[in-house]
Amino acid sequence: MALLRDLFWSLKTVRRTAALTLALLLTIALGIGSNATVLGFIRGLVARELPLAGVESIVSIFARDRGSFEPVSYDEFLQLQQHATLFESIGAARESRSRVTIADHSAILSTAAVTPELARLLGLNAQDGIVVSHRIWNDEFGPNTALGDARITVDGAERAVAGVAPDWLD
C-alpha cells in the first residue's frame, strides 16, 4: 500500500513539473550518449584489435619504479627470459627514431627493433635484415621488386630487406 502511495505522489509531482522532468531526462540521456560515443572513439584509437591468433593471451611487462611504470631494462629482460616459467615465450621491442635512407631519399623515421620471439608472434620473417612496412614497400620499392634486391640504410648501416610487414602492422 505504501508503494502505491509513493508512486501516486511521484506521478503527481512529475505532472506538476513536467518541463523540469523532461529537461532532466534529456540531460541525462545526452550525457550517457556522449560518454558512450567518446569511449567508443578512444577505444578505436588506442585499443585496436590486432589480427593475431591468441592476442588475448599477450601481456606487456613493465618495471615499477617509485610509483611509475617504465620499460624493463635489457638485463631485466634477460633475467625474465631465463627465469620466468609462467610465459610460453618472452619477446621485446625497442622503438626509436633513426635516419633511414632508401635509394636517394633520406628521412628521420620511427623504427623498431624486435627479438626473434616477437617477430615470430607478429608473423614477420626477418632472418638477418630489415622488415619494412607494407606502405613503405609499395611507395619506395614497388610490388615487383624482389626482396633480395632491396636495400636500406639505417643510421649508416646498410641492410637487406628481409621481409614486408602485413598491411595492418604500420
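What helices in the chain pass both tests, a Cα length along the helix axis of 20 Å or more and a mean Kyte hydropathy of 0.5 or higher, using whole DSSP H runs? If you can, show how the numbers build up before the last one.
Values: long enough: 2-16 (21 Å, 0.05); 18-46 (42 Å, 1.78).
Once both thresholds are applied, what remains is 18-46.
Each residue, Arg15 and Ser110, gets one label point 7 Å from its Cα in the Cβ direction; the gap between the two is 6.2 nm.
Under the simplified labelling scheme, the Ala2-Arg151 pair shows an inter-label distance of 8.9 nm, with each label point 7 Å from Cα along Cα→Cβ. Take every DSSP beta bridge whose two residues both sit in the chain; close to 85 percent of them are antiparallel.
For the chain, the carbon plus sulfur part of the accessible surface works out to 58%, probe radius 1.4 Å. Accessible surface for His105 stands near 120 Å², nearest 10, in the context of the full protein assembly shown (1.4 Å probe). Largest first, the three principal axis extents of the alpha carbons in segment 63-123 are 47, 32, 17 Å in whole numbers. Which residue, Ile130, Ile32, Ile42, tops the fluctuation ranking in a GNM of the chain built on C-alpha contacts under 10 Å? Checking each option, the largest mean-square fluctuation is seen for Ile32.
Result for the chain in a Gaussian network model with C-alpha springs under 10 Å: among Val14, Val131, Val38, the largest mean-square fluctuation is at Val14.
Give me the net charge for the shell around Ala107: Cβ to Cβ below 14 angstrom, other residues only, Lys and Arg +1, Asp and Glu -1.
On the way: positive: Arg97, Arg99, Arg135; negative: Asp104, Asp139, Glu140, Asp155.
The answer is -1.
Of Gly31, Gly156, Gly142, which is the most mobile in a GNM of the chain whose springs link Cα atoms less than 10 angstrom apart? Greatest mean-square fluctuation among the candidates belongs to Gly31. Once the chain from Ser96 to Leu25 is taken as fully extended at 0.36 nm per residue, the excess over their C-alpha distance is 20.5 nm.
The values are calculated or read from the model by the stated rules, or taken from the named source; none is laboratory data. The model shown is predicted, which means the values in this text are computed figures rather than measured ones. Please note: Cβ atoms are built from the backbone with ideal geometry, for glycine as well, and neighbour counts cover all protein chains shown. Just the protein is used for accessible areas: all its heavy atoms, side chains included, with ligands, DNA and RNA removed. Shrake-Rupley method; radii C 1.70, N 1.55, O 1.52, S 1.80 Å.
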